[in-house]
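What follows is a set of notes on a single structure, which appears directly below.
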Amino acid sequence: MELSKIDNPSFLKQLTIEELNQLATEIRELLIESISKTGGHLASNLGVVELTIALHKVFNSPVDKLIFDVGHQAYVHKILTGRINKFAELRKYKGLSGFPKISESEHDVYETGHSSTSISAAIGFKFADCGGEVISIIGDGSLTSGVALEALTFAGDLKEKIIIIINDNNFSICKNVGGLSKVLNNLRVNKTYLGIKKGIPKDVKKIGKNIIRPIKYLINNPNYFEALGYKYYGVVDGHDFKDLLKYLEFAKKSTESVIIHVKTEKGKGYEPALLNSPKFHGVSSSDSDNFKTLKISYSEYISECVNNLKIDDLITITAAMSQGLRLEHLKKVIDVGIAESNAGIIAAGIAINKKPVYLPMYSTFSQRAYDSFLHDIAKMNLKVVIGLDRAGIVPGDGDTHQGIFDISMFYPMPNVKITMPKNSSEAKALVEYAFFKNDNPFVIRYPKSDIEIKEEVTVLNGEWIKETSGEINIISYGPDVNRIISICENNSISATIYNAIFIKPYCTKSLDQIIVSNKPLLIYEQVIEHGNLASAVGSYLLENGYSSKVKQMNLKTIPTFGDTVSLLTEHKLDDKSILEEIRKICD
């Protein structure tokens, strides 16, 4: 089959089982070849090839609404809905998004970058009387989230029908955890009921539920999902078209809400991904030569710094992100599943008992735990060290994964300290300070990038770099400080540059120097424009009589997907734009 000629899924209606299997093989080959060049989510998409094909064969997108949760498992959906010719530009600037994108296709009916939202969205679609069936395709790891469990409980008691496909591969990014994971496992391994059911003659089955259901309840003790009010089908082989089509048709004809429990293999068709699916969950384009390992990243270095502290009773809490956060070397890591709020409150419970606790997560996922941070950590002023990975502009994953809101979120919270290192020596010093010299909630932000390991003298209360009497004052933090230093040096600009390693609390003595100098001020940040360091500094300067020009460089809108340089350029935060602003403000 010529995949490049696919423009919509309607062709699937005519294909035989044999032809569907051939199509699945060809799509897997395409995924492996293409993602090795562009980067992207490999293992998860290899696992849903047959399931996605079967969904499009049975249902009629976009009249029937397919909501993929998490959205990174929607690559096959994109291929079948006419976007294969854009696959070479996957996750690239102005290219194809790695997640469902409403602006991309009428077949992308909802945007799902964070996990566990699809069941709630499906309920909303039905309340809105959207027409057609509404199908949530949710990874089993996403069911650990409180959001998904709230929706699952609520929808089981509704008259409105939704269809929930549980894509059960026993993984989110890492191995799944928690009681619900055990429920799914018990359903998978319990062959007794399936064997009994197959042995019941057809004429007996026709008698109805009065015979079949007691047997099922006796053996499954009872089925968790049926107890919530769903019609349950499972466990279905997610790589067997005959089984998939049969049960999807059952769901389509049902008048009740249905859960189809589909067992898939994450990484199917590519042996390295099957053997190590966490590593191949998401790969970088720089891994293109047989998916080589990246150079050392900020994620790995920060974790090494924490590990090197040798705190024997340190507990690290993660929300299903131990692989991405590179926590494998830490001694005691507790994975709570995709449940960031739960992670925050558990950390608070540890800290209030005077035990050391480390709580790392991606910046974009910290938003999901806002109330836990405010109510349970900040308000009680508990010593929880919070690592925020992927802070600032994040390449590849798009607008759902940008780490640009954390400062606005944490800044108003009482007692919280917010920091960001510009290099390895500052990173190491901040980790040591956070655990040994600090008694407050302590945030360390760091970007999605590689880091060069150097030992340098580090000043942790912020420092003035370069000239002491330059034409312009510049404030920034993190690796952007290094960029600004290079721009000024390469263009013979006399600037007084302040490295605000402590974003909160900022150093008032340093700001007083700016007020005294009364020279133009530029504040550069890779965060959203409101509620940031510039907002706090601006208020202080205004209250204390500063009258010179102030220019903020930050983000007015959320970046989409693409490489970092392209995104910086689009939002006028690149080196050229910095140089232009410096010259403009100095005129």
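The values are calculated or read from the model by the stated rules, or taken from the named source; none is laboratory data. Since this is a predicted model, take the numbers as computed values, not measurements. Reconstructed Cβ throughout: ideal geometry from the backbone, glycine too, with neighbour counts over all protein chains shown. Side chains included, ligands, DNA and RNA excluded: accessible areas come from the protein's heavy atoms. Shrake-Rupley method; radii C 1.70, N 1.55, O 1.52, S 1.80 Å.
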Can you name every residue in the range 2-27 that is within 29 Å of the chain's Cα centre (by Cα) and over 21 Å from HIS107 (Cα atoms)? THR25, GLU26
For the range 488-497, name all the residues that are hydrophobic (A, V, I, L, M, F, W, C) and either over 16 Å from GLU471 (Cα atoms) or open to solvent by 10 Å² or more (accessible area, probe 1.4 Å) (or both). ILE493
Yes or no: the range 566-583 includes at least one residue that is assigned to a strand (DSSP E or B) and buried (at least 16 other Cβ atoms within 10 Å of the Cβ). no
Can you list residue pairs whose Cβ atoms sit under 8 Å apart, with the first residue in the range 1-25 being within 15 Å of ILE84 (Cβ to Cβ) and the second being acidic (Asp, Glu)? Count only pairs 6 or more apart in sequence or on different chains. MET1/GLU19; MET1/GLU26; LEU3/GLU26; ALA24/GLU50
Of (1) part of a helix (DSSP H, G or I); (2) open to solvent by 10 Å² or more (accessible area, probe 1.4 Å); (3) under 24 Å from THR400 (Cβ atoms), PHE561 satisfies all except one. Which? (1)
Against the definition (under 20 Å from the mean Cα position of the chain (by Cα), surrounded by fewer than 20 Cβ atoms within 10 Å (Cβ to Cβ), modelled with pLDDT under 95 and not β-branched (Val, Ile, Thr)), how does GLU328 come out, yes or no? yes
Only one of LEU143, LEU80, LEU90, LEU152 is closer than 23 Å to LYS57 by Cα and touching a residue at least 12 places away in the same chain (Cβ under 8 Å); which? LEU80
Residues located in the range 93-136, provided they are without any contact (Cβ under 8 Å) to a residue 12 or more places away in the chain and more than 22 Å from the chain's Cα centre (by Cα): GLY124, ALA128, ASP129
Residues in the range 394-408: is at least one crowded, with 21+ Cβ neighbours inside 10 Å, without any contact (Cβ under 8 Å) to a residue 40 or more places away in the chain and either among the hydrophobic types (A, V, I, L, M, F, W, C) or closer than 19 Å to ILE317 by Cβ (or both)? no
Selection from the range 84-108 of residues in a loop (DSSP other than H, G, I, E, B) and buried (at least 22 other Cβ atoms within 10 Å of the Cβ) yields ARG91, SER97, GLY98, PHE99, PRO100, ASP108
Scan the range 331-348 residue by residue and report those that are in a helix (DSSP H, G or I), free of Cβ contacts under 8 Å to residues at least 40 places away in the same chain and open to solvent by 20 Å² or more (accessible area, probe 1.4 Å). ILE345, ILE346
Subset of the range 109-137, residues among the aliphatic types (A, V, I, L, M) and either out of contact with any Leu (no Cβ under 9 Å at 6 or more places or on another chain) or part of a loop (DSSP other than H, G, I, E, B) (or both), comes to VAL109, ALA121, ALA122, ALA128
For the range 349-371, which residues satisfy the criterion of being buried (at least 24 other Cβ atoms within 10 Å of the Cβ) and in contact with an Asp or Glu (Cβ under 8 Å, 6 or more places away or on another chain)? PRO360, MET361, TYR362, SER363, SER366, ALA369
Give the number of residues within the range 359-384 that are in contact (Cβ under 8 Å) with a residue 60 or more places away in the chain and either in contact with a strand residue (DSSP E or B) (Cβ under 6 Å, 6 or more places away or on another chain) or in a loop (DSSP other than H, G, I, E, B) (or both). 3
Close pairs (6 angstrom Cβ cut-off, 6 or more residues apart or separate chains): within 15 Å of ILE582 (Cα to Cα) in the range 485-514, buried (at least 22 other Cβ atoms within 10 Å of the Cβ) and hydroxyl-bearing (Ser, Thr, Tyr) anywhere: none
Could you please let me know if GLU525 is in contact with a helix residue (DSSP H, G or I) (Cβ under 8 Å, 6 or more places away or on another chain) and of a type in the set (D, E, K, R)? yes
Given the criteria on the phi > 0 side of the Ramachandran plot, crowded, with 23+ Cβ neighbours inside 10 Å and not basic (Lys, Arg), does SER116 qualify? yes
Is it the case, given these coordinates, that PHE11 is among the aromatic types (Phe, Trp, Tyr) and part of a helix (DSSP H, G or I)? yes
Hey, any hits in the range 12-20 for a residue that's buried (at least 16 other Cβ atoms within 10 Å of the Cβ) and not hydrophobic (A, V, I, L, M, F, W, C)? no
Would you point out the residue of the range 498-540, among those that are within 23 Å of TYR446 (Cα to Cα) and among the polar types (S, T, N, Q), that is surrounded by the fewest Cβ atoms within 10 Å (Cβ to Cβ)? SER535
Can you find a residue that is closer than 23 Å to ASP371 by Cβ, buried (at least 24 other Cβ atoms within 10 Å of the Cβ) and of a type in the set (A, V, I, L, M, F, W, C) anywhere in the range 409-416? yes
